[in-house]
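The values are calculated or read from the model by the stated rules, or taken from the named source; none is laboratory data. The structure displayed is predicted, hence computed values, not measured ones. For neighbour counting, all protein chains shown are included, and Cβ atoms are generated from backbone atoms with ideal geometry for every residue, glycine included. Surface areas here come from the heavy atoms of the whole protein model, side chains and all, with no ligands, DNA or RNA. Shrake-Rupley method; radii C 1.70, N 1.55, O 1.52, S 1.80 Å.
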Amino acid sequence: TDSSKITLGDGKDVKGTRVRVFGRVHRERKQSKVLFITLRDGYGYMQVVLTGKLAETYDALTLTRETSMEIFGELRQVPEGAHAPNNRELHADFYKIPQIWKAAGGDDAITNRVSQNTDNQAQLLDLRHLTLRGETASKVLIVRDAVEFAFNQVYKEMRLRKVSPPALVQTQVEGGSTLFEFNYYNEKAYLTQSSQLYLETCLPAMGDVYCIEKSFRAEKSLTRRHLAEYTHVEAELDYINFEDLLNHLEEVMCRVLEVTMSDPTIKQHIMDLNPNFQTPSRPFMRMKYSDAITWLNEHNIPNEEGKPHEFGDDIAEAAERRMTDEINRPIFLTHFPAHIKAFYMLKDPNDPRVTESVDCLMPNVGEIVGGSMRMDDNEELMAAFAREGIDPSTYYWYTDQRKYGSSPHGGYGLGLERYLAWLCNQHTVRDCCLYPRYFGRCKP
Ligand code: 4AD
Ligand code: MG
């Protein structure tokens, strides 16, 4: 009956009872006449023991890994050292394998990919639909689900409301060079780079808002941390100052971590992936851009031209990461010069050379969040458009925001894949999404 059906992760209290499980053959090994199968179903792994006739008939089928099975049997406790998941084994008394559940035989090259037994990166990525069944890949994706859920929970606790802005737009947010342009019923349109401008328009209607949507960037370089399509967690807060923004961001990052870690399975996955993980201590370090320039020069870390950094230089990815790895804790890097940042950022009233802007930098990754206070004066915004050579007419809905009840407000965007690269200690953001899209890759 169905009541005996359990998933491979649950049923701590069903030892000694007869159960029914489904799963795929993750691994198998034969020891004299006993067959040990590690079964996988996405919720966990279970060791299954086949003896006697069952082992012989299974053997005769010459099945390959990844074959699906339905198995009946009794769950028994095994000692700690036996290397069985959850210290238990299913002693099978019956199994079923419909013909079409059998994984293609004789092609271990494919099933080997599941455990990523190759160093051919392009091939691994072509076979992402199979490699994501592997232990590391699936753990990262399961943690990702938990993190996304935690963001939703934490934002709800903080009374932010979720909205869903459009992905097809006619305005740029983060500079024209990374726009994906397409033909929209014979009009020029783009895939959105950020939902920020739309979030700003929601403030008067709904109060503080957030969204978790895709953003798109036509990045033309291959790096560890750039995707063409990524998941962007963005929030916008009304009637705040820059200090409020920084405090909110720190609170969100720490609460999300707390909520994520409160699930023991997820915490275990994170510790498996990132054994040296340590919860960041609060308050986060705050460092002004101008102090970062000094820090880089004191540590002989040159700019992109190999020269000492000067005020006004963009801090390149390599330099940023060296600084973050050296300091080895989260950094709020603030007050960037206006000309290296986006048009909408508010100037610092105490130093008009710089903006009330923040990047959150994490060890191993560098920038994972970018945010700022927004220009709330329409005249100033118009001047910024002119400086950037942007035609303001397509932004009428954004400038109306300033005309009809402007307010001091600000927000930020967090790259979910970069956050996961930090949390799960992954070398690249490509391993932190389901099917990565980046320069030169649009499959599977
Ligand atoms: O710093 P960015 O460009 O800022 C914005 O888009 C703001 N409009 C967000 C806002 O204030 N609502 O992007 C924000 C974050 C980066 O810190 C990074 O984590 C991520 O988005 N990001 C990317 N992640 C993967 N691949 C890319 N090509 C990314 N570009 C940005
Ligand atoms: Mg940025």
**Item:** Qualifying residues in the stretch 44-61 (those that are of a type in the set (Val, Ile, Thr) and over 12 Å from Ile97 (Cβ atoms)) - the one surrounded by the most Cβ atoms within 10 Å (Cβ to Cβ)
**Value:** Val48
**Complete:** Exactly one of Asp41, Asp13 is at pLDDT below 85 and open to solvent by 20 Å² or more (accessible area, probe 1.4 Å), and that residue is Asp13
**Fill in**
Note: among Gln170, Gln121, just one is open to solvent by 70 Å² or more (accessible area, probe 1.4 Å) and at pLDDT below 95, namely Gln121
**Fill in**
The number of residues in the stretch 215-243 that are open to solvent by 50 Å² or more (accessible area, probe 1.4 Å) and either in contact (Cβ under 8 Å) with a residue 12 or more places away in the chain or of a type in the set (Gly, Ala, Ser) (or both) is 7
**Asked** What is the number of the single condition among (1) part of a helix (DSSP H, G or I); (2) open to solvent by 40 Å² or more (accessible area, probe 1.4 Å); (3) modelled with pLDDT of 95 or more; (4) over 17 Å from His232 (Cβ atoms) that His129 does not meet?
**Response** (3)
**Complete:** (1) touching a residue at least 40 places away in the same chain (Cβ under 8 Å); (2) within 13 Å of ligand 1 (Cβ to nearest atom); (3) touching a Gly at 6+ places or on another chain (Cβ under 6 Å) all hold for Pro337 apart from (2)
**Message:** When you check Tyr210 against the structure, is it in a helix (DSSP H, G or I) and under 28 Å from Thr394 (Cα atoms), yes or no?
**Reply:** no
**So Ser407, is it near ligand 1 (Cβ under 10 Å from one of its atoms) and in contact (Cβ under 8 Å) with a residue 40 or more places away in the chain** = no
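Listed here are the residues, each with its yes/no results for (1) in a strand (DSSP E or B); (2) aliphatic (A, V, I, L, M).
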site	(1), (2)
Phe22	yes, no
His26	yes, no
Lys30	yes, no
Met46	yes, yes
Val49	yes, yes
Arg65	no, no
Gly73	yes, no
Asn86	no, no
His91	yes, no
**Message:** Taking the criterion of being touching an Asp or Glu at 6+ places or on another chain (Cβ under 9 Å), within 14 Å of ligand 1 (Cβ to nearest atom) and under 24 Å from Val429 (Cβ atoms), would at least one residue in the stretch 201-210 satisfy it?
**Reply:** yes
**Complete:** When Phe385 is run through (1) open to solvent by 10 Å² or more (accessible area, probe 1.4 Å); (2) away from ligand 2 (no atom under 16 Å from the Cβ), the failure sits at (1)
**Prompt:** Does Glu251 count as open to solvent by less than 30 Å² (accessible area, probe 1.4 Å), acidic (Asp, Glu) and either under 24 Å from His335 (Cβ atoms) or in contact (Cβ under 8 Å) with a residue 40 or more places away in the chain (or both)?
**Reply:** no
**Asked** If we scan the stretch 150-157, do we find a residue that is part of a loop (DSSP other than H, G, I, E, B) and open to solvent by less than 10 Å² (accessible area, probe 1.4 Å)?
**Response** no
**Message:** Of the residues Ala319, Ala342, only one is open to solvent by less than 40 Å² (accessible area, probe 1.4 Å) and free of Cβ contacts under 8 Å to residues at least 24 places away in the same chain; which?
**Reply:** Ala319
**Prompt:** Within the bounds of the stretch 309-329, is there any residue that is in contact with a Phe, Trp or Tyr (Cβ under 6 Å, 6 or more places away or on another chain) and closer than 21 Å to Leu245 by Cβ?
**Reply:** no
**Request:** Pull up the stretch 346-368, narrow it to residues that are free of Cβ contacts under 8 Å to residues at least 40 places away in the same chain and within 11 Å of ligand 2 (Cβ to nearest atom), then point me to the one that is nearest to the chain's Cα centre (by Cα).
**Result:** Asp359
